[in-house]
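The values are calculated or read from the model by the stated rules, or taken from the named source; none is laboratory data. As the structure is a computational prediction, the values presented were derived from the model and not from experiment. When we count neighbours, we look across all protein chains shown, and the Cβ atoms used for this are built from the backbone with ideal geometry, even at glycine. Note: accessible area is taken over every heavy atom of the protein model, side chains too, but ligands, DNA and RNA are not part of it. Shrake-Rupley method; radii C 1.70, N 1.55, O 1.52, S 1.80 Å.
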Amino acid sequence: MRVVFNTLATLKAKTGVGHYSARLAEVMSRQLGPGQFTKFPNEAVGRLVPQSTDRRSVAQGAAKRAMLSAAKSLGRQAVGSWFYAAHSSARYDLYHEPNFLPLPSRLPTIITVHDLSVLLHPQWHPADRVRRHESAFRRAVADAARIITVSEAVRQEVMTHLSVAPDLVHAVPNGVGPEFFADRDVVSLRQRLHLPDQYLLYVGTIEPRKNLMMLLKAWCDLPSEVRERCPLLLAGGWGWKAEDIAAYYDVTARHRNVRHLGYIQDADRPALMAGARAMVFPSHYEGFGLPPLEMLATGGAVLASKAAAHREVLGNHAHFIAADDIAGWRDALNIAATDNDWLHGLRRGNREHAAHFSWERTANMTVAVYDAAISRRLAA
C-alpha cells in the first residue's frame, strides 16, 4: 500500500479540518512508515509556506475580498498543477484528500467529507466557497473510490443527498489527543492570558453556523451578577459572514463580560478547556464537533445544541438544548455559571466516554478503508 496524503490544511491556523489532517497524518506516518505513507507537501517544503494565525478580517471591503478570492483561486491552480506533476505516477496506489475537494490526480482517490453544510446551507458560507463546491464537489464525490465521513450522521446525509451507495461511504470518527487527558497547568495559563478564575468557554471559528449571535443574546439576558461572577470567553478567530456578530460583540456583548480571546494555539487548548466551568457549543449544524469531545476528555462539562452529530458523538454526556431556544440557552448558562452540584453531575463519566475516541483508532479504521478501495481496484 502506497498512499499520498494532502497536508496543506495543516500549514495554517488549524480549525476542524486542519486538526483532523494533522493528527491523522501524524499517526498514519508512524503506522505505515515513509515507504507507504507520503505527505504532500513534504515537511521541508511545508516549512516554506507562510503560517498565519490571523483570521479573515470582518471589516474587509468588497474589492479586497474579490482580490483575495482571485489570489486563492490562482494559488489552488498552481498547487493542483504541482501535485499532479509530482504525485500522479504509478508509484502510488491511492490519494487521500482530507479536505473535501481533491487536487487533480490520475490516482484512485479517497475524500473525507466532514459535513454537508456548504451543500445544505449555502447561506452560511462565502460565495466563492459555494461556487467552488457547486462546480467540483458533486463531481469529486461521484469520482471517489471511497468516501470517509467523520460521523454516521454525515454518512447518512451523503447517501441521501448525493445518492452514494452505502458500501462506498465509511463513517470513521475523529479522535482525541492524549494531551486532553493529561494534567494541565491551568494556573500558569490563567496568569499568562489574564483569565478569570471562573468562566464559560466557546471554542471555534466565529461563523454563522456556530450560532454565536443567539449565544451572545442569551448571555446578555442573564442577570448582571451572574455575568460578573463567571464571564463568557470566545476562543476562536473571526470567520466569514461574521460582521453582524462582530458588531453585536463590539456594541453590546463585550460590555457585558464577554471576552474574545482570538485564536488559541494548540498547546494552550487543553488547559483552557480544563479551567472552564463548562463549554458552550450551540451550533445549528455540525459534522462531528471535536471541541466538545475534547472538553469531555479533560473531565469538563458541555452544553451543546441538539445537532444530530452532537447526539451521536457525545451520547448522554452533555446537556442538550435546541439551537434556536434562546430561553433554554439562557437558563442553561445561568445554571452552569452558578450550580456546582449540577456541573458535578454533568461531568460524571465524561473522561471514560471520550477515551473511546483515539487517533490510533481513527487511523486503523482509515487503513481499513484504504484496503477496501485497493481490493476493489484489484478485483476490477
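Mind checking which pairs have a first residue in the stretch 323-345 that is at pLDDT 95 or above and a second that is among the hydrophobic types (A, V, I, L, M, F, W, C) and open to solvent by 60 Å² or more (accessible area, probe 1.4 Å), Cβ under 9 Å, 6 or more apart or different chains?
I335/W342; A336/W342
Check W219 against each of (1) in a helix (DSSP H, G or I); (2) under 27 Å from G287 (Cβ atoms); (3) open to solvent by 10 Å² or more (accessible area, probe 1.4 Å) and name the one condition it does not meet.
(3)
Which members of the stretch 171-230 meet the condition of being farther than 30 Å from T149 by Cα, of a type in the set (K, R) and touching a Phe, Trp or Tyr at 6+ places or on another chain (Cβ under 9 Å)?
Within the stretch 171-230, K217, R227 meet the criteria.
Here are some conditions: (1) open to solvent by 30 Å² or more (accessible area, probe 1.4 Å); (2) at pLDDT 95 or above; (3) assigned to a loop (DSSP other than H, G, I, E, B); (4) of a type in the set (A, V, I, L, M). M159 meets all but one. Which one does it not meet?
For M159, the failing item is (3).
Being surrounded by fewer than 24 Cβ atoms within 10 Å (Cβ to Cβ) and more than 16 Å from the chain's Cα centre (by Cα) is the filter here; which residues of the stretch 273-296 pass it?
Residues satisfying the conditions are A274, G275, R277.
Can you name every one of the helices (runs of 4 or more DSSP H) wholly within the stretch 336-380 that holds 1 or more residues which are farther than 30 Å from F37 by Cα?
340-347, 350-354
Please specify each residue of the stretch 179-200 satisfying the condition of being assigned to a loop (DSSP other than H, G, I, E, B) and more than 18 Å from G299 (Cα to Cα). Explain how you work it out, then say what you get.
Just the residues of the stretch 179-200 that are assigned to a loop (DSSP other than H, G, I, E, B), to begin with: 181-185, 194-199.
Listed by number, the residues that qualify are H194, L195, P196.
Could you grab me the full set of residues in the stretch 108-131 that are among the aliphatic types (A, V, I, L, M), open to solvent by less than 20 Å² (accessible area, probe 1.4 Å) and more than 17 Å from Y285 (Cβ to Cβ)?
I110, I111
I need the full set of residues from the stretch 137-161 which are closer than 20 Å to Y20 by Cβ, of a type outside the set (F, W, Y) and without any contact (Cβ under 8 Å) to a residue 60 or more places away in the chain, in order please. Walk me through how you get there before you give the answer.
Step one: of the stretch 137-161, the residues closer than 20 Å to Y20 by Cβ are 137, 140-141, 144-158.
Keeping just the survivors that are of a type outside the set (F, W, Y) gives 140-141, 144-158.
A140, V141, A144, I147, R155, Q156, E157, V158 - these are the residues of the stretch 137-161 that are closer than 20 Å to Y20 by Cβ, of a type outside the set (F, W, Y) and without any contact (Cβ under 8 Å) to a residue 60 or more places away in the chain.
Is it true that V164 is assigned to a loop (DSSP other than H, G, I, E, B), under 18 Å from L293 (Cβ atoms) and of a type in the set (A, V, I, L, M)? Walk me through it before giving the result.
Values: assigned to a loop (DSSP other than H, G, I, E, B): yes; under 18 Å from L293 (Cβ atoms): no; of a type in the set (A, V, I, L, M): yes.
So V164 fails the test.
In the stretch 20-39, what count of residues is obtained for those that are touching a residue at least 24 places away in the same chain (Cβ under 8 Å), assigned to a helix (DSSP H, G or I) and not aliphatic (A, V, I, L, M)?
5
Counting only residues that are surrounded by 22 or more Cβ atoms within 10 Å (Cβ to Cβ) and in a loop (DSSP other than H, G, I, E, B), how many does the stretch 93-102 have?
Residues flagged as surrounded by 22 or more Cβ atoms within 10 Å (Cβ to Cβ) and in a loop (DSSP other than H, G, I, E, B) within the stretch 93-102 amount to 2.
Which one of these is open to solvent by less than 30 Å² (accessible area, probe 1.4 Å) and farther than 24 Å from K306 by Cα: A253, A235, A247, A242?
Every option except A253 fails the conditions.
In this structure, does A363 turn out to be aliphatic (A, V, I, L, M), farther than 30 Å from L94 by Cα and crowded, with 17+ Cβ neighbours inside 10 Å?
Values: aliphatic (A, V, I, L, M): yes; farther than 30 Å from L94 by Cα: no; crowded, with 17+ Cβ neighbours inside 10 Å: yes.
No: the conditions fail for A363.
Counting only residues that are of a type in the set (D, E, K, R) and more than 22 Å from the chain's Cα centre (by Cα), which one in the stretch 158-198 is farthest from A276 (Cα to Cα)? Don't jump to the end; show me each part of the working.
Of the stretch 158-198, the ones of a type in the set (D, E, K, R) are 167, 179, 183-185, 190, 192, 197.
Subset that is more than 22 Å from the chain's Cα centre (by Cα): 167, 183-185, 190, 192, 197.
Numbers: D167: 42, D183: 14, R184: 12, D185: 13, R190: 11, R192: 16, D197: 9 Å.
Looking at the filtered set, the residue picked out is D167.
So for the stretch 233-241 (the condition being over 26 Å from A267 (Cβ atoms) and either at pLDDT 95 or above or part of a helix (DSSP H, G or I) (or both)), does at least one residue qualify?
Within the stretch 233-241, none of the residues are over 26 Å from A267 (Cβ atoms) and either at pLDDT 95 or above or part of a helix (DSSP H, G or I) (or both).
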